[in-house]
Structures are given as C-alpha cells and as structure tokens.
Amino acid sequence: MVQSLSVSDTVTTWVDVCSLHAIAPYTGVCALVKGEQVAIFRVGNGQEVYALSNYDPFSKAFVLSRGIVGDRNGTLKVASPIYKQNFSLTTGQCLDDETVKIPTFAVRVVADRVQVAVS
Amino acid sequence: MTAKKNLIVIGNGMVGHKFLELMVSSDAAKHWNLITFCEEPRVAYDRVNLSGFFSGKTAGDLSLVAPGFYQENGIQIYIGDKAVAINREHKIVSSANGLEVPYDKIVLATGSYPFVPSIKGKDATGTFVYRTIDDLEAMLDYAKNCQTGVVIGGGLLGLECANALQNMGLKTHVVEFASRLMPVQVDEIGGAILRSKIEELGVSVHTSKSTTEIVSEDGKVTKMLFADGSELATDMIVFSAGIRPRDEIARSSGIEVGERGGIVINDSCQTSDPDIYAIGECALYQNRIYGLVAPGYTMASVAADILSRAADCRQDAPSTTSTFTGADMSTKLKLLGVDVASFGDPFPKSGDAKEIVVADTFQGIYKKLVLNQDGSRILGGILVGDASAYGTLLQFMQNEIALPPHPEDLLMPPREGGAVAGFGVDSLPDSAQICSCNNVTKGQICEAIRDRNLTDVASVKKCTQAGTGCGGCVPLVTDIFKAEMKKAGFAVKNHLCEHFEYSRQELYHLVRSQEIKTFEELIERHGKGKGCEICKPTVSSMLASTWNDHILEKSHVALQDTNDYFLANIQRDGTYSVVPRIPGGEITPDKLIVLGEVARDFGLYTKITGGQRIDLFGARVDQLPHIWRRLIDAGFESGHAYGKALRTVKSCVGSTWCRFGVQDSTSLAIEVELRYRGLRSPHKLKSAVSGCTRECAEAQSKDFGIIATENGWNLYVCGNGGIKPQHAVLLATDIDKETLIKYIDRFLVFYIRTADRLERTATWLNKLEGGIEYLKQVIIEDSLGICAELEGQMEHLVNTYQCEWKTTIEDPHKVQRFQHFVNSDLPDPSIVRVAERGQTRPANEHEKALAGVSE
C-alpha cells in the first residue's frame, strides 16, 4: 500500500528491502531494517503490503512473519504461528487481548521494490 | 459521615483470604478498615494443592493473592506477625511483634494445626508435619539424605503426603491406626481396593498399626516400634493423623470453645462474643469441625455477607437471612493417581437404606451407592478407582433428582456404542450447586454466559470462578456451557469459521464433487473474506487428501500453518525440529550414524520420540534445506511429523526375533507406514503393529492398530483420544493382509471425508451415530456402497506420494523462502541456547536476560 505523503515524510528515509515477488501472495517475510526485525505481509496478488514488528509478545520469539494472513470481520490480520493470537495488520493491535499492541512500520512498493520507512 | 470501623481478620489462610476477597467485592471496604494478621512469612496460598509443590510448583504458583491485592484495596496486612491476644474489654488485638490494634469486629480464621499423637520420641530429628510451605521445604531438604519415609495416618492428607514422599524418590510407607485406609470416607471393601491400588504404585500400607515409639540413633530417626511387637526402619516420618482447630487465641480471651477444641459458632458464624466471628477449620458448628475448604468458603461468605450489610446499615443486627447451616463433606480426589470420591452419607445408619455395590477387584474399581428405601433418591456413596460419575451422582443427590429405573447403570461404564447413562444438565434446577469449592450455582453460570456473551469455557471459569478450585466440576461446567450455547442457537452452527458457512464435512463434499483445486476457488464460490488460520490449513488438508498436490505449490503455500510451511515442527523459540521417517522403527547402523553426524554438524539436540523415531531439535529456518539435503542423500525422507498426517507406525520385532511373535510385525509395520506416509487427515494419525497378543507395540492405543493372531491379523480402530485416553475398538478379526489393507484404506478415507476439523478418530467414533456397529457395516459390509470409491481415493493418494522435503529442495523458488531475513543472510540473532545434559536447549527468559539478549 502506498503511504500518503505527510509532513513527517520529509524526514522519513525509505529502506529498500526486497522485490515484491519475494513475497508470495498472502504470506509474510522478515526483513532486517536498521537492526530491527520487521515482518512484511503481502495481501492479495497486487502491491498491498503491511509491516509489523516480527516479535510475538506472547511466545517471545521473532516469528510473526511466518503466521497465516487473513481477516476477522474484515480487519486484515496475521495469526501468530506459535499460540495463534491475531494482530491487526494496520494497527498492530492484538485482536485477542486488548492490552497488547505491537509496533507497525510504514511500507510501500515502488517499481516492484518493497520499502520500509525508518525515521 | 462516620469514621470507618476496624475489622480485623486473624489468619491469612485460604478461608481468611476468601473472606477479604468477598468483602472487597461487596464494596464493604468503603465502610471498614480491613486489617489482617498473617503468621506465616507468605500470604495466602492454595493449601489444597500443596503437594503440587513437590511436582515443580513454586510458592508463587500456589499463591492465591493477585499482585497488588492488598495495596489496591487498602487492606493493612501484617505479614509474619501473629495475633496473640484479644483484649475484649478495651477491644484491642495485640500481636507477637508488639502491635496493638483497636477493633470493632474480629473474624477469626486461624485454621487448624496437624495433630501429632503423643508417641515416645515424636520430636526426634527427622519427624515432620505436613501443613505449610515451610514444612514442605524442611521435608525436601531433609529427604535429600533419606531412602525411606513413613507417613503416620492413612486419611486423605496422609495419602497425599505419601504421594509427596514418592515424588521425592523415597521408599514410602503409610501407617494407619484403623483397619483400613481413609476410614472416615471409605468402607472396608473400598479401603481394601484402594489399598491394593496404592500398593501397586509401590507404597507399602500398614493398617491396624499403633505406633508406640520412635527410635533415634545419633539424634536421627531410625525406626518405629508398634504395639503388636513389629517394627519398621525409616529415615524420616511425617505425621498426618488429622487436624485440630487453632483456638488458643479464643480460649485465652475467654471465648467459648468446644470440649475437644474448636471455637463455638452459631448460624451467623458468630462466637460467644457477638463482635467476634470465626470461620473455617478453627470453627466448631453444632459440635463439628469442617476440615475441607468448601465449607470454610461457605462460612466466609456468610460472615462477609453479614458484616458488609452491618457496615451499610451502621448497625449490628444484620437484616439478612444469610446463615451457615452445615456443609456437604463430599469430596473427590486423585490420591497417588487413584481416584477416590465420597459423597453424602456413605454409611447409612437407618436400616431402610439400600445399597448398590460394584466391586471389581481385578481392575481395582469400587463403587457404592446408598439409596433411600424406594430406590428413588441417592443418599450417599463411595467411588474408588474410577470417580468419573462423581459430578453426576453428586447432582442427583444434592438436587434430589429422581433416579432412572436402573440406577446401577449410573455406576457402569457406557456400553459399547451406547451413551453414558446420566442426565442432561437441563434437568438441574438453577439453584443446583455446581462448584462446591467456590459455591457457584448453575443459575450463576448460565447468567454469566448469557449476560456477558461468554463463548468459551475458559471465560466461564474466569468470570464465575466455577471450576477453579479442585477442578472436579469442570466437565459439568462444560456441559452447562454447551447447553446454554445450544439454547442461544450457537451449538447448532457447525460452520468452519466466519469465512465459510459450511461444516468441514460439507466443504469436503463440495471440494470433491465440484473438483475444486484451490482455496481461492473455494472461497470465491462458497465463502467470503480472506480466510484465516482456521479455514486455510483445513482446506489445505482437504485439498491434499483429495488431489495430493505438493503443499508448497504456489496456490497452496499461503494456506499452510508454519509447520507445513517449513515442513518441520516449530518449537517455542521459533526454531524447528526435524524428524526423518524411520518406517516401523527399523533403521540400519549406517543411517543411525548419519543422523548423529547431521545433528552434530548442525548443533541439534537429539531425542528419541514417543513413536520410535529420532527428533532433531533446534534447526534454524535457514538450516532446514541443508539438513534435508544431507538426510535425503543418506536415503531418508520426510517423516511428516509436522503435518496433520500419518506420523508413525510403531512395531515390536515380531516373529523375526521374538520367541513369542506369531507374525512378522516389523515387515507389516513398514509396509503400512510406507503405504500411508504423508496422508493428510483432520488430525494427526498414529498406528502400530504387534506381533502377538502381548501387545508390545501398544496397538490398541492408536488410531488404527494391528495385532497378530495365529490365524492372521486383528484390526482395531479409533484409539488414542489424546488427553482423554481411549482404547481402540475391534473392527475385524483374523483377517489376511489384503483384507486388512483394504479395510484400513476404507476406514481412513471415510474418516478423512466425514470427521470435523482437528477431530481425533476416537472422538469421531464417539459421535458417529450407531458407533462401531455402523462403522463395521460401512467398511466391511459396504452398506453405503462407497467402498470402491474409498479404495480408489486411497489408491490415488498412494500413487501420487512424494517426499515433500525432496521436492522442496529441488526447486530453487521454494528454497528461497528458507532464509530468516529476506534481505540478509544473517540467522535469527534472537536465538539463544544453553547447555544441559551434554546438549543445548532454548534459553529461558531469565537466562536470556543474563546473556544480555532482549527484545
């Protein structure tokens, strides 16, 4: 998904991560961005991508990129592969425990390259 | 507004804490300063499950107090300080540490202490009581240098304590004064059966023994002498000969106590001083001490109710009818792994009562029901060895439900293929007490489910507290939950998930009949949305067991759970374990060496699995293709340990080596395993082949099991059952190998087509209308006329088998995914290992913190 330009965009640096084709539709990959593990998910066959922290706070392992992508009542989400908690792809909110939320990252596709924003 | 009054709770055990919780939840804390004295160095903990301390529970696990409970609710607690005197004239409580606290009301919850009979030498080093965590820690410490331990007392607590000694690795004896174990709850026959079960576990039982002296040498216990002249050598002794109420503070302040101890209370839990209440095991109600936690909780709730109302009205006389009228002493326990339950009055005094007794000394099961004269009501009973009927029988008794015409059916296991005799939860009145530990009624459970829209049993437990005590009522709570769901129109829905308004069975039919080959096509035609972690793997499994494409084909890859996605089993730190197939458990020395070399070269932890294979743990994602390459080159293939698929076919050595084997079980196990390898099914499948009726391969505990006979093979199906173990049922006897394979083909495909998602074969059979007889008709007599089709589908699956590892590593596109980072060759830096027993295992959080690795 292409992020709309905002004021903060002026100080945002986009880090090139991989080719869009490295992410099979409805799956995730993990990228190393400035020392952080970022899980990038591709929804559908097109350029719709989302990025969350790869850290699963329930299992305390870096595995979210390996979860199954889907939706709950229309909310796009990924299920942790370990204990199956669901996280919103757009907000990082855990859908099974309102007290848990994980970081999200801005991500976009430019000329078939996936880029993650760092501030 | 008047100043708050002081309410002092003396004693911070289970009952004292329950009282505080109830006061807090009733808002009474607004009107009272709640103050409590806690003699022990730790706040209230679960004494009922104290023995859990020996099987690894920590003091923290046993704690009953939520963190911050006292602070957040403004309760003043004095930990490690004992209240020693009550000055009733000036209304002041003084403590061992010299505190003097004025009071308006007191609740005594001082509990009880273990009774130690006055035996010569009873104070010797090496003698213990079993009451507090401190006692247990002292026992643990002393037992390190002991080989033998004796428990004096064969009651409930004594047997629990014997279990603890067993767990500590001691040769354990139980010495009981009476002529049988658990003399209060169980009769002679029940006691004898209980004894034989406990002796089978290696505990020596000595009944009718009166200890006269405990002998020490060098200041340590060495033996016990008995009145009959015999003696018993031991290194330590634990007294568990009953409890006595702790009434000394009441006694010394002039409050009435019973002749043999116990603080006398009335129906309001008030002592002879109306400003002082007593609850729990220190209280004497109608000349009786209630030595169980449930009656203590009932008293706590009576006292809390009265005192919270008294505060509201600022007057002493409660306007309430909350009273204590005695309590049911029914109890169900698992002692040394043996179920024991006693309920109502199992020892009828009146000659009118009738008894039904089932005594199976062979299996160690004893069940006794005491009925009223016309046999319509239950008055009490005893269950030893199998207490599964406890919940049902208790409800019959408590709610005076009329018994069915053959009450003996309530004691029998369900007949083959039949339903369990019992009653529907619908027949219970709302007032029926379901959880006696926390006094929760059926009405409260139903109300919570309805009002709070609870959708699982875990939330029901959380909201109502039902089932959170001893756990004995959980099956009943589950039944009530299901019945409520059904009433609300939920249970009738068997939809797979929000994306498909069909059951798994219906979707399977659609996939087959409309030749649907991908998830995308299925959801487009019959579902909605983008799918989820429930429907995607389920559909993937259905597609695999119908068309058998490689599961990592482009169209299927996004459907796979992480295990299938990486063709290995994810473990708790995010690494994977690899299990190559070892058909029938037979392996050459060369292959064994390769497994060792691979494990060593990749730093893997090795373990023999429960299914005669070798598990290689701790592989990082990026290592997987390299590991498989080595294994495949050595002639291994995927063991499908990751999938909901056929796992292993265990075998004994059979006629090849064994002097008893009547058939070649190893050859058959290999053949069966290779035939069904990789078969995807609703749940993982296991099998076994035994070469004779000695059953060394344990075939009757498998989804399908084969046992050799003189005349061929016996086929058993639908065993296992998971956490609720179930034996397999005999489907066919003395059949030849061709028939055997044919029946298994039919059985497996029929199961795959009709079972629910993640439904084991045992559960599937339990739900199958007509049970095993119906299954025999379908599979042996072809009553549905589908056998040829079932065999055909299996034939297709067998012919299209491929090793998923091999196919994967031969395809560069598929290998590409096996990198932790899409943009770096680095492995996952968060993985930390520590050494243990010569191998490495994942570090726990504490160790990670020490190693300086954080999120």
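The values are calculated or read from the model by the stated rules, or taken from the named source; none is laboratory data. Computed from a predicted model, the values in this text were never measured in an experiment. When we count neighbours, we look across all protein chains shown, and the Cβ atoms used for this are built from the backbone with ideal geometry, even at glycine. For the accessible areas, the whole protein counts, side chains as well, though only heavy atoms, and no ligand, DNA or RNA atoms are used. Shrake-Rupley method; radii C 1.70, N 1.55, O 1.52, S 1.80 Å.
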Criterion (more than 11 Å from every other protein chain (Cβ to nearest Cβ) and open to solvent by 20 Å² or more (accessible area, probe 1.4 Å)) met by exactly one of A:Q93, A:Q85: A:Q93
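Residues checked against (1) in contact with a strand residue (DSSP E or B) (Cβ under 7 Å, 6 or more places away or on another chain); (2) small (G, A, S); (3) crowded, with 17+ Cβ neighbours inside 10 Å:
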site	(1), (2), (3)
B:Y716	yes, no, yes
B:R753	no, no, yes
B:W764	no, no, yes
B:Y774	no, no, no
Qualifying positions in the stretch B:798-824 - at the interface with chain A (Cβ under 10 Å from one of its Cβ atoms) and either surrounded by fewer than 19 Cβ atoms within 10 Å (Cβ to Cβ) or part of a loop (DSSP other than H, G, I, E, B) (or both): B:H813, B:Q816, B:R817, B:Q819, B:H820, B:V822, B:N823, B:S824
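Out of the strands (runs of 3 or more DSSP E) lying entirely within the stretch B:136-217, which hold 2 or more residues that are surrounded by fewer than 23 Cβ atoms within 10 Å (Cβ to Cβ)?
Numbers: elements: B:148-152, B:171-175, B:204-206, B:211-217.
By residue number, B:171-175, B:204-206, B:211-217.
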With the condition kept exactly as written, say whether any residue in the stretch A:34-42 is modelled with pLDDT of 95 or more, open to solvent by 40 Å² or more (accessible area, probe 1.4 Å), within 14 Å of the chain's Cα centre (by Cα) and more than 10 Å from every other protein chain (Cβ to nearest Cβ). no
Looking at (1) modelled with pLDDT under 85; (2) within 13 Å of chain A (Cβ to nearest Cβ), which is the only condition B:L850 fails? (2)
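If you check B:T763 against the conditions, is it in a helix (DSSP H, G or I), touching a helix residue (DSSP H, G or I) at 6+ places or on another chain (Cβ under 8 Å), away from chain A (no Cβ under 14 Å) and of a type in the set (S, T, N, Q)?
On the way: in a helix (DSSP H, G or I): yes; touching a helix residue (DSSP H, G or I) at 6+ places or on another chain (Cβ under 8 Å): no; away from chain A (no Cβ under 14 Å): yes; of a type in the set (S, T, N, Q): yes.
Here the answer is no, as B:T763 does not meet what is asked.
Within 11 Å of another protein chain (Cβ to nearest Cβ) and among the acidic types (D, E), is that true of A:D56?
Numbers: within 11 Å of another protein chain (Cβ to nearest Cβ): yes; among the acidic types (D, E): yes.
Answer is yes for this residue.
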Does any residue of the stretch B:778-794 turn out to be free of Cβ contacts under 8 Å to residues at least 60 places away in the same chain, assigned to a loop (DSSP other than H, G, I, E, B) and either within 14 Å of chain A (Cβ to nearest Cβ) or under 30 Å from B:R581 (Cα atoms) (or both)? no
Being open to solvent by 30 Å² or more (accessible area, probe 1.4 Å), of a type outside the set (D, E) and within 23 Å of A:G35 (Cβ to Cβ) is the filter here; which residues of the stretch B:825-841 pass it? B:L826, B:P827, B:P829, B:I831, B:R833
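Could you say which residue among B:V257, B:V205, B:V293 is at pLDDT below 90 and in contact with a Lys or Arg (Cβ under 8 Å, 6 or more places away or on another chain)?
Values: B:V257 fails: at pLDDT below 90; B:V205 fails: at pLDDT below 90.
Going through B:V257, B:V205, B:V293 in turn, the sole match is B:V293.
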Within the set of pairs 6 or more residues apart or between chains, which connect a residue that is farther than 18 Å from B:E520 by Cβ and within 7 Å of another protein chain (Cβ to nearest Cβ) inside the stretch A:60-80 to a residue that is of a type in the set (A, V, I, L, M) and outside any strand (DSSP E or B) with Cβ atoms less than 7 Å apart? A:A61/A:I82; A:V63/A:I82; A:R72/A:L95
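So which residues in the stretch B:667-682 are part of a helix (DSSP H, G or I) and open to solvent by 50 Å² or more (accessible area, probe 1.4 Å)? Explain how you work it out, then say what you get.
Of the residues in the stretch B:667-682, the ones part of a helix (DSSP H, G or I) are B:667-676.
Of everything in the stretch B:667-682, those that are part of a helix (DSSP H, G or I) and open to solvent by 50 Å² or more (accessible area, probe 1.4 Å) turn out to be B:S667, B:E671, B:L674, B:R675.
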Filter the stretch A:11-29 for residues that are within 19 Å of A:A106 (Cβ to Cβ) and open to solvent by less than 30 Å² (accessible area, probe 1.4 Å); which is farthest from the other protein chains (Cβ to nearest Cβ)? A:L20
Close pairs (7 angstrom Cβ cut-off, 6 or more residues apart or separate chains): within 20 Å of B:E100 (Cα to Cα) in the stretch B:3-18, small (G, A, S) and part of a helix (DSSP H, G or I) anywhere: B:V9/B:G16
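Could you check the stretch B:220-290 for strands (runs of 3 or more DSSP E) lying wholly inside it with 2 or more residues that are open to solvent by 40 Å² or more (accessible area, probe 1.4 Å) and in contact (Cβ under 8 Å) with a residue 24 or more places away in the chain? Walk me through how you get there before you give the answer.
Details: elements: B:220-226, B:231-233, B:236-239, B:243-245, B:263-265, B:276-278, B:283-285.
Here the list reads B:243-245.
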Scope the stretch B:92-112; condition farther than 17 Å from B:L22 by Cβ and in a strand (DSSP E or B); matching residues: B:I92, B:V93, B:S94, B:S95, B:E100, B:V101, B:P102, B:S112
Selection count where residues are outside any loop (DSSP other than H, G, I, E, B) and among the β-branched types (V, I, T), scope the stretch B:825-843: 2
